[in-house]
Amino acid sequence: MKPVLRIAAYRRLVAAYTLNELAFMASSVALTLLIYARTGSAFGATAFFLCSQFVPALLSPMLVARLDQRPLRPTLPALYWLETAIFIVLAGLAGHRFMLVPVLALTVVNGVIAFAARSLARAATVTVTSAKGLLREGNAVANAGFSMAFLIGPGVGGAVVAAGGTSEALLGTAVLFGVIGLMLATARDLPQPSPTRSPARGRVSAAVAYVRERPTLRALMLVQSSGILFFTISVPVEVVFVRTSLGASAAGYGALVSAWGAGAMAGAAIYARYNRLPSRALMALGAGSLGLGFLVMAAAPTFAVAIAGGVLAGIGNGVESVAGRTAVQELTETSWMALMMSLQESLFQSVPGLGILIGGTITALGSPRTALAVAGLGSLAVTGAIWVVLANLGGGPVPASGAAANGSEPVAATATDPELAPDGADLADPRRERARTAAVRHQ
């Protein structure tokens with residue numbers, strides 16, 4: 001057994017994370033197919049993704065700021081059980097009583113809850129693994145679980161929709177969220193919040209200031225945001241690409257998204273094997289693979305070639321996403337972790353809103369192949385930017401923190417203990433030392 005899997009709390013958290021992604025992928029396919037079938041427009045699919053990602057991304061940090069100082073054991077299960085209730089209602093609306101506006105409104109509410117739960121769970125995972133010096137190993141296992149869900153979820157969602165209907169797929173999602181809530185409600189040794197609580201007001205702006213005053217972290221977030229913009233152009237395009245350009249069925253759409261999952265599994269294996277490489281190299285590898293995969297899909301003469309492109313893009317997704325997230329975690333003090341995970345989640349879900357809008361617009365005015373080509377060329381440009389802009393990106397564990405992210409000046413951690421640095425890290429690097437010791441002025 002991997003050392004990280006000996007941590008009981010981590011096992012529960014990573015199992016919940018994997019099931020959550022399985023439910024998310026299956027329900028996303030089901031709802032995408034439902035809305036596209038009822039509206040018959042790429043703009044309908046675009047509206048769903050905007051409501052499931054862009055709007056919730058703007059609102060979820062405020063919810064996290066109100067929840068991250070509460071005990072996890074009652075908080076996380078409650079969030080997942082709320083999702084259970086929402087998907088039961090969505091299952092009812094998916095039948096003969098379909099109404100677009102209520103479906104989109106519930107999608108927004110569910111998105112806010114889902115992003116908050118994901119941020120809290122990720123912060124908890126970082127806490128329990130970094131305490132043992134196993135952050136990268138823990139992220140590698142979680143990434144493998146995510147990739148497995150990414151592989152299985154879309155196919156399950158598409159198959160259930162084709163065989164039984166959208167309502168059945170959404171009810172299955174509700175059951176999964178109920179199981180996740182029960183799993184976490186019975187978990188022991190989950191991280192406890194700081195005994196010192198502070199008002200939620202101002203904490204989101206403080207997290208923004210935290211990023212702004214750290215040049216390396218700021219550059220990392222900006223480059224990743226640019227990447228996400230191009231990586232997500234394909235999101236509303238693929239269903240139109242499969243159904244119109246390739247003439248495939250709903251199950252074909254699920255197969256294409258599952259091809260991404262297969263590639264992501266391979267990417268997860270690559271990251272697990274080489275996770276000690278510099279973050280910059282891993283991120284560039286992932287972005288480059290995504291770009292090439294998009295270009296293969298754009299030029300694909302057959303469904304089989306499109307599947308190959310999806311696999312290649314999935315490999316990039318499986319490497320880049322976890323490498324970038326780990327780099328952010330390694331540059332963040334533990335007392336800021338939940339808010340930073342929420343801020344990153346917010347940024348990386350709101351930026352896709354623009355990417356999705358661009359993808360839907362290009363598809364509506366031009367063709368799905370044109371949109372995929374734009375995504376591919378943009379991703380290759382981001383690959384070059386990663387290599388140039390992040391030349392000074394180091395690597396290291398999450399520093400300890402002497403203060404909570406509550407509006408007081410944090411006591412900066414320093415990496416003077418060799419056990420707190422990764423293999424080959426330069427403890428005397430002045431850039432990294434300044435990034436760790438810079439005081440944050442809270443607004």
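The values are calculated or read from the model by the stated rules, or taken from the named source; none is laboratory data. Keep in mind that this is a model prediction, so the values were computed, not measured. Every residue, glycine as well, gets a Cβ built from its backbone with ideal geometry; the counts of neighbours run over all protein chains shown.
Condition first: closer than 30 Å to residue 38 by Cβ, polar (S, T, N, Q), surrounded by fewer than 22 Cβ atoms within 10 Å (Cβ to Cβ) and at pLDDT 90 or above. Can you find one or more residues in segment 104-120 that meet it?
Looking through segment 104-120, none of the residues is closer than 30 Å to residue 38 by Cβ, polar (S, T, N, Q), surrounded by fewer than 22 Cβ atoms within 10 Å (Cβ to Cβ) and at pLDDT 90 or above.
I'm checking my understanding of the structure. Among residues of segment 135-148 that are surrounded by fewer than 24 Cβ atoms within 10 Å (Cβ to Cβ) and at pLDDT below 85, which one is farthest from residue 85 (Cα to Cα)?
In this case the residue turns out to be 144.
Quick check, is residue 153 modelled with pLDDT under 90, surrounded by fewer than 21 Cβ atoms within 10 Å (Cβ to Cβ) and small (Gly, Ala, Ser)?
When the stated conditions are applied, residue 153 does not pass them.
Test residue 365 against the criterion of being touching a residue at least 60 places away in the same chain (Cβ under 8 Å) and of a type outside the set (S, T, N, Q), and give yes or no.
No: the conditions fail for residue 365.
Based on this model, can you work out whether residue 335 counts as small (Gly, Ala, Ser) and either out of contact with any Pro (no Cβ under 7 Å at 6 or more places or on another chain) or farther than 19 Å from residue 18 by Cα (or both)?
Numbers: small (Gly, Ala, Ser): yes; either out of contact with any Pro (no Cβ under 7 Å at 6 or more places or on another chain) or farther than 19 Å from residue 18 by Cα (or both): yes.
It is true that residue 335 is small (Gly, Ala, Ser) and either out of contact with any Pro (no Cβ under 7 Å at 6 or more places or on another chain) or farther than 19 Å from residue 18 by Cα (or both).
Give all pairs with beta carbons closer than 9 Å in which a residue from segment 223-251 that is basic (Lys, Arg) meets a residue that is assigned to a helix (DSSP H, G or I) and modelled with pLDDT under 85; count only pairs at least 6 apart in sequence or on separate chains.
Listed pairs, sorted by first residue: 243/36; 243/250; 243/252; 243/253.
Output the number of the condition that residue 33 fails; it satisfies all remaining conditions of (1) out of contact with any Asp or Glu (no Cβ under 8 Å at 6 or more places or on another chain); (2) of a type outside the set (Val, Ile, Thr); (3) at pLDDT 85 or above.
(3)
Does residue 343 satisfy the condition of being under 20 Å from the mean Cα position of the chain (by Cα), touching a residue at least 40 places away in the same chain (Cβ under 8 Å) and farther than 18 Å from residue 136 by Cα?
Yes: the conditions hold for residue 343.
Does residue 87 qualify as being in a helix (DSSP H, G or I) and of a type outside the set (Val, Ile, Thr)?
The answer is yes for residue 87.
Residue check: is residue 43 assigned to a helix (DSSP H, G or I), surrounded by fewer than 24 Cβ atoms within 10 Å (Cβ to Cβ) and either at positive phi or modelled with pLDDT under 90 (or both)?
In short, yes.
From 60, 52, which residue is touching a residue at least 60 places away in the same chain (Cβ under 8 Å), among the polar types (S, T, N, Q) and crowded, with 20+ Cβ neighbours inside 10 Å?
Just a single option satisfies the conditions, and that option is 60.
Please specify each residue of segment 1-24 satisfying the condition of being at pLDDT below 85 and either buried (at least 20 other Cβ atoms within 10 Å of the Cβ) or farther than 17 Å from residue 131 by Cα (or both).
1
Given the criterion among the aliphatic types (A, V, I, L, M), under 22 Å from residue 347 (Cα atoms) and touching a residue at least 24 places away in the same chain (Cβ under 8 Å), identify the matching residue among 184, 217.
217
Could you say which residue among 28, 60 is under 19 Å from the mean Cα position of the chain (by Cα), closer than 20 Å to residue 237 by Cβ and assigned to a helix (DSSP H, G or I)?
28
Among 354, 277, 292, which is farther than 20 Å from residue 243 by Cα, without any contact (Cβ under 8 Å) to a residue 24 or more places away in the chain and out of contact with any Asp or Glu (no Cβ under 8 Å at 6 or more places or on another chain)?
277
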